Amino acid sequence: MKQLSVDHLLGIKYLNKNDIDLIFETADHFKEVINRPIKKVPSLRDITIANLFFENSTRTKLSFELAEKRLSADVINFSASQSSVKKGETLIDTVNNILSMKVDIVVMRHPNVGAGVFLSKHVDAKIINAGDGTHEHPTQALLDSYSIREKLGTVKGKKIVIVGDILHSRVALSNIFALQLQGAKVKVCGPTTLIPKYISSLGVEVETNLKKALEWCDVANVLRVQHERMDIKYFPSTREYTQLFGINQQLLDSLDKKIVIMHPGPINRGVEITSDVADSQNSIILNQVENGVAVRMAVIYLLAQQIKR
């Protein structure tokens, strides 16, 4: 049986093209499973998974939990806001306490960059990074690529523009790595204050004119402005941001072709994207949500295959 080249899913930058192909093949199988009347398989009946969320999350946490339950794993949910972390317990102590309950896989979201890598060196469990600070969010990038592949047949050779708050986005970085690995061309578009300085070193072009970016691309992946990560003002007002970088139906109608619209959620309707665009035929936002469960099932299943019993 084919195996992943990595022991953990810490970031897209540690994967190769074969890993992505294997995850997608496995996800195809699980997508068929979750569309059956009985949506569960007994694949991971003897596996225990802990979801450790040190940052708020609704969609990612629910998606992982559903994926784990569809695979028949035993699931422990841990939310840092209601835990001993508030009393000063360290990350290692928290995790070791959970591992002493004989946990096999840890899914972790953490505000600090590199938390998953740190953990993988200190604990004997498979680690899946569900987002570390502004660094990476690998399963989101995988489900985004999977959704593009499903819609357009392939990712290779496609032109993808990522629009919005690139600076604070772990989704943007993981997407850039994943798309380039599969042979796509990537541009970013947003206010210059929200484009990181290092972006050109990743082989990504910057386009500050939204209309030009949309005329170039096959797919626009629209990110929300992450106000919660901003300690200074990066642009004058939300209204101005929307005028310059918001996508509405009128703008899409002015293009001479149809493009695919994506959004990792949560959507600020009327800011980066209007409701008529989010709910339109061009949008694959709800497909992304459905595909997220299948892709996460695939990642969990493939890592679980490596666990020595």
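No lab work stands behind these numbers, since they all come straight from the coordinates. What you see is a predicted model; the values in this text were computed from it and never measured. So basically every Cβ, Gly included, is an ideal-geometry build from the backbone, and we count neighbours across all protein chains shown.
Tell me which residues come under 5 Å, amide H to amide H, from Ile273 once H is placed; ignore anything under 5 positions away on its chain.
Under 5 Å from the amide H of Ile273: Ile247.
Take the Cβ-Cβ distance between Thr90 and Val289 as r, set R0 to 41 Å, and report the resulting FRET efficiency rounded to the nearest 0.05. The partial results should precede the final answer.
Values: r = 34 Å, r/R0 = 0.84.
With a Förster radius of 41 Å, E is 0.75.
For Lys257 and Asp124, what is the calculated FRET efficiency with R₀ set at 41 Å and r taken between the beta-carbons, to the nearest 0.05?
0.20
Report, in deg cm²/dmol and to the nearest 500, the calculated mean residue ellipticity at 222 nm for the chain, where each DSSP H run with n ≥ 4 adds -39500 (n - 2.57) and the sum is divided by the residue count.
Helices in the chain give a 222 nm mean residue ellipticity of -11500 deg cm²/dmol.
I want to verify a result. In a Gaussian network model of the chain, Cα cutoff 10 Å, which of these has the top mean-square fluctuation: Ile176, Ile199, Ile23?
Ile199
In debye, nearest 20: dipole of the chain around its Cα centre with unit charges on the Cβ of K, R (+) and D, E (-)?
Working: 39 positive and 33 negative charges, 62 e Å.
Rounded to the nearest 20 debye, it is 300 debye.
By a straight-distance test (C-alpha under 21 Å), which lysines pair with Lys156 as possible cross-link partners, with residues fewer than eight away in the same chain excluded?
Cα-Cα hits under 21 Å: Lys13, Lys17, Lys185, Lys187, Lys257, Lys258.
Can you list the residues, at least 5 places off or on another chain, whose amide H is less than 5 Å from the amide H of Val222, using H built in the peptide plane?
Residues meeting the amide H criterion: Val163, Met262, His263.
Considering the chain as a Gaussian network with a 10 Å cut-off on Cα pairs, which listed residue, Glu290, Glu207, Glu240, attains the greatest mean-square fluctuation?
Glu240
Per residue of the stretch 245-260, in order, report the coupling 6.51 cos²θ - 1.76 cosθ + 1.60 (Karplus, θ = phi - 60°) as ³J(HN,Hα) in whole Hz, putting x for Gly and Pro.
10, x, 9, 10, 5, 4, 5, 5, 5, 7, 7, 8, 7, 8, 10, 8
If I take R0 = 22 Å and measure r between the Cβ atoms of Gln305 and Leu62 in this structure, what FRET efficiency does the formula 1/(1 + (r/R0)^6) give, to the nearest 0.05?
The computed FRET efficiency comes out at 0.35.
What is the distance in Å between the Cα centres of the stretch 234-309 and the stretch 132-150?
11
May I ask you to evaluate 6.51 cos²θ - 1.76 cosθ + 1.60, the Karplus curve with θ = phi - 60°, for each residue of the stretch 284-293 and list the ³J(HN,Hα) values in order in whole Hz, giving x for glycine and proline?
Each residue of the stretch 284-293 in turn: 10, 5, 6, 5, 4, 5, 5, 5, x, 5 Hz.
Provide the per-residue ³J(HN,Hα) series for the stretch 41-46, in order, calculated from phi with Karplus coefficients 6.51, -1.76, 1.60 and θ = phi - 60°, each as a whole number of Hz, with x at glycine and proline positions.
10, x, 3, 10, 4, 9
Determine the sum of side-chain charges near Ser200: Lys and Arg each +1, Asp and Glu each -1, restricted to other residues whose C-beta is under 14 angstrom from that of Ser200.
Local charge sum for Ser200: 0.
GNM on the chain, C-alpha springs below 10 Å: top fluctuator among Gly164, Gly133, Gly203?
Sorting by GNM fluctuation, first place goes to Gly203.
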